[in-house]
Every structure is written in structure tokens, then in C-alpha cells.
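What follows is a set of notes on a single structure, which appears directly below.
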Amino acid sequence: MIDFSKPKRMSLSALFIIFTKNFKSLFGAFVVLFLIKMFDSDISLAKRALVTLSSFGALTAVAFVTALIAYMPKKFYVSDGNLIFSHGLFHRETSTIPLDRVHTLRTRRGLWYRLFEMRGITFDTIASRGEEIELILDETEWQQLLQVIEREEKHEVQATVSEPVAPVHSMNFDNGSLIADALCQNHLKGFAILMGFLATIYDSVNDFLDNSAVYDMAVDTADKAEGFLSSIWLLAGAAVILYIVVLALWIGKIFMRYANMTLDCDRRLLTFSYGLVQRSSSRFAFDKVCSLWVKRNFLEKKWGLATIMLKQAFNATSLKDDDNFRMYGRDNSDFLLKWWLGENYADDKVLISAVSGRGVFWASFLFPLVLCIIAAVILYCTGAYEWLIVPAIFLIFFMLRAYMARRRSKIVLKESYIEIYGGYFAENVSYVKYEDVEVVRKTRTPLARWSHRASIALATSGTGFNVRSLREKDVEKIYEMLLLNKL
């Protein structure tokens, strides 16, 4: 049995893993400079080999020294229910994390982790920004430390009133459903990023040609190819190819990250394990989940799929929303809601339901409308009349988007929880318990005197919601009911 009561360092295998991380970071930072030097025509083959060897030697030395500096001062131990972590070579720091306040406990096992039978563990709490602490432990150390953490969590659960209702079992998720749901996602964001990347490369090539001896030859070639490149079919084909590339990259990213997902569930914890090459895990405690988010677009509804996210405190999760743990695949929202809200959550009676009005439409449409008008005026003044179709298309798109936002926006108060609906082309539903609501606010705009509409905002420790353009009398009822449930 490992004694965690005395300060101890991580194993030497952890040092090697830190070294590989540092080397990868340094190599990524200097690879461009290295390649430029390698393709310098003034350098002979022997010098290139020497530059290569010396560069890798220098990177290896720097990576090892920085890894040693990061590894040696780090020590951790457990005392009085706290994980105490000391670090820093010149500026010593000590971090104390109450084990019963750990909101998210994540693990990951990449290639090097598996070879050395190690596991990276990240502890997240409300008070932290992003990741509080990461330890690299072998399996024996991890399992024994996990037992210590679970003992502390059991003491906290016994002090709470509510008890989750769910069977104890394990579940395997289908990779086919994962790929199908990845195909159902919105790829416009990735397509826009790719187009921006290609535009940057295009500008760089143009700058190079403008200052190069091959400029005349490039101009002659471009003149000869002008007729061919102007073909609308070629442009459409290029767009299709680019879209397929984006789609393949997106599906590959989702599959690599979430493949072979498994769930271990008991009355207190949900533990998800996922990843094709690098195995990661996310562990959710029943009493630390502050909302459950479910997204279903048209295709997901048709095929019985859904995108689900369990949300905790803002600082207990990654700062970037794209890095949050998401469940793609079959619609398992009913199982998770039964685990979190209770077996009979679907039988809860509706206390009040309020639907948004035209204010949501204008809140979503006004800014795109102004931008489209400005773009149209500029195109008209410059004589580019044929391009006026572009802002017109965008205007129609954003008008439809705003219409869907108004149609989906509503809030429903049930006996033991709240449903908040939103989204544009996909329906988003967030489920929140009354006891997790920390802030309730009602707001009125100057136009409320004539529209008789107001907004209600509520926030938990990890999520915030604002439902606009509700009838004033509904807002007053919802506000009073939320305060009553909090008292």
C-alpha cells in the first residue's frame, strides 16, 4: 500500500513523458526555421547533415533540461482530505485541493503512457482556471490514489439529501453511430476555417511571385489558364472537393477522439473512457453536474441520434468550448436524465411554459442585416453589381436563422427541474435543477412599454441562460417561482 501522507515525486517514467512533450513542443516551434535552413541552396549536403544532427541534439538537450526542471521540484501528498502539490524551482508554490471539491477528474493515456503503463490525471475545481493540477502516475499509484479520492467523495454524498436513482452497470457505445452523428454536425465553421487558411496561402504565394524572378513566367501561365479557371463547373468542383476534405478531417477528428467509448455508471459517478489511440476518461459526480445539454438537428432526430454534454462549473472544465467532453451517437439523453433527475423525471407536471416573441428574431437578425446593407452599399458604389447576389444570399440565410431562433426559444418550469430551449437550425435543450440556480434576473428594454415583453436570465455555477422576449406577466411568474424554489 502506497503511503500518500508523505511528499513524493512522480516516477522516472513520468520524467520521460514530460521530456517527450517538451521535445514535441520545441520541434513544432522550430520546424519552420529548420526547413528553411535545410532548403537553402548555399548549404552543401554535408553541412545540411551537420545542421540536422546539431539541431536535433540541441532540441533534445533543451527538452531534457526543461523536463528535469519541471520534474524535480514537483511533489505531492494527501493530508486531511486535501491533495497538496508543491512545485517551482526558484519560486516555490504550494497548491491545496480539497478532494471533496474536485468537480472533474480526467485521465489520458497516449502512446508513451501505454508503453510505460502510466496515466495522466487532471484535477479540476471551481476555484481554478482551466486545469488545476496534472499528475503522471503508474497504474498502481493511480488506483490507490483513486480509492482515497472516492472515500472523501462518499463522505460528501452521505451529507447530501438527494440520491441519484440509476442501476449499476457498464455500457459500450457504437462507433457506427459515432460516425453517423459526426456526419450530422454543422461543418460550415470548419469549411470557413479551411477557406481562410487557403486564402492566407494564396496571399503568401502572390507576395512571393511579386518579388520573384519567376513573376513573368507565372503571369504568362496565369493568362493562358484564365479561361479554364473561370469555368463555373471547375469552381463548383473545387468547392465540392474542399467540402469533402473538411468533412473527412472533421469525421477523423471526432472518431480519433471519441472512438470505442465505454461508460461505467453507479449511483454516484459516471466515468466515460474514449479515444482510438490516446485513451482519455471523464468522470462526472452526480452532485457536481449543474446542467445537461442535448442537441438534436433534423438528421439526428430522423436517425435517433443526439449530441449530449454534461456541464459542470465554468472553471472545472476546459476554457475552450470545443475541448469539452461531448457524446456523439445514439440518443442516450433519457438514460442520463434518469440518472441525474430521477427515474420519473418525464412524469413531472408543467408548472408554467413561456414562449419567446419577435424580440428574439430581431436580436438575431439586426446585426447581420446591418452588415449586409453595408456590404451591398459598398458593392453598389464600386460598380460591382454582379456581386450584390452575395449579401442577398447571406441576408436570406440569416433571416431564416433568426426565424428558427424565435421558433425554438422558450422556457418550461416543471416540478423538479427547468427546461430551456434554444438553437437555430438544431434544437438545443438544457436541463437545470432548481437547487443549482444561483442567479435569477429579469430585464426590460425601453420598448417594453409598447411590446409588453421582458427577458429572464438565470445562471448556475457552470452555465448561463437568457430567454428573451417573453410576456411580462410570464416573466413575473417565472421570477417568483424561481425565487420560491431557491428559498
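The values are calculated or read from the model by the stated rules, or taken from the named source; none is laboratory data. A quick note: this is a predicted structure, and the numbers were derived from the prediction, not measured. All Cβ positions, glycine included, derive from the backbone under ideal geometry; neighbour counts span all protein chains shown. Just so you know, the surface numbers come from the protein's heavy atoms only, side chains and all, with ligands and any DNA or RNA stripped out. Shrake-Rupley method; radii C 1.70, N 1.55, O 1.52, S 1.80 Å.
Numbers at a glance
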| read-out | value |
| --- | --- |
| Test: residue in the range 305-313 that is open to solvent by less than 60 Å² (accessible area, probe 1.4 Å), assigned to a loop (DSSP other than H, G, I, E, B) and modelled with pLDDT under 90 | yes |
| Number of the exception - residue 278 against (1) modelled with pLDDT of 90 or more; (2) polar (S, T, N, Q); (3) open to solvent by 60 Å² or more (accessible area, probe 1.4 Å) | (1) |
| Of residues in the range 34-91 being open to solvent by less than 80 Å² (accessible area, probe 1.4 Å) and among the charged types (D, E, K, R), the one modelled with the lowest pLDDT | 40 |
| Residue count, the range 431-478 (criterion: open to solvent by 20 Å² or more (accessible area, probe 1.4 Å), part of a helix (DSSP H, G or I) and either more than 26 Å from residue 346 (Cβ to Cβ) or among the aliphatic types (A, V, I, L, M) (or both)) | 6 |
| Unique match (being of a type in the set (Ser, Thr, Tyr), free of Cβ contacts under 8 Å to residues at least 12 places away in the same chain and surrounded by fewer than 17 Cβ atoms within 10 Å (Cβ to Cβ)) among 403, 385 | 385 |
| Condition met for residue 94 (closer than 19 Å to residue 16 by Cβ, under 32 Å from the mean Cα position of the chain (by Cα) and either among the hydroxyl-bearing types (Ser, Thr, Tyr) or open to solvent by 60 Å² or more (accessible area, probe 1.4 Å) (or both)) | no |
| Residues located in the range 314-345, provided they are under 25 Å from residue 183 (Cα atoms), assigned to a loop (DSSP other than H, G, I, E, B) and either at pLDDT below 90 or open to solvent by less than 10 Å² (accessible area, probe 1.4 Å) (or both) | 318, 320, 324, 325, 326 |
| Condition met for residue 351 (on the phi < 0 side of the Ramachandran plot, touching a Phe, Trp or Tyr at 6+ places or on another chain (Cβ under 8 Å), surrounded by 12 or more Cβ atoms within 10 Å (Cβ to Cβ) and in contact (Cβ under 8 Å) with a residue 40 or more places away in the chain) | no |
| Residue that is farthest from residue 287 (Cα to Cα), among those in the range 331-371 that are touching a strand residue (DSSP E or B) at 6+ places or on another chain (Cβ under 8 Å) and among the acidic types (Asp, Glu) | 331 |
| Subset of the range 396-442 [under 19 Å from residue 457 (Cβ atoms), polar (S, T, N, Q) and touching an Asp or Glu at 6+ places or on another chain (Cβ under 9 Å)] | 430 |
| Pairs with Cβ under 7 Å, 6+ apart, first in the range 1-20 and closer than 16 Å to residue 112 by Cα, second outside any helix (DSSP H, G or I) and of a type in the set (Asp, Glu) | 11/138; 13/138 |
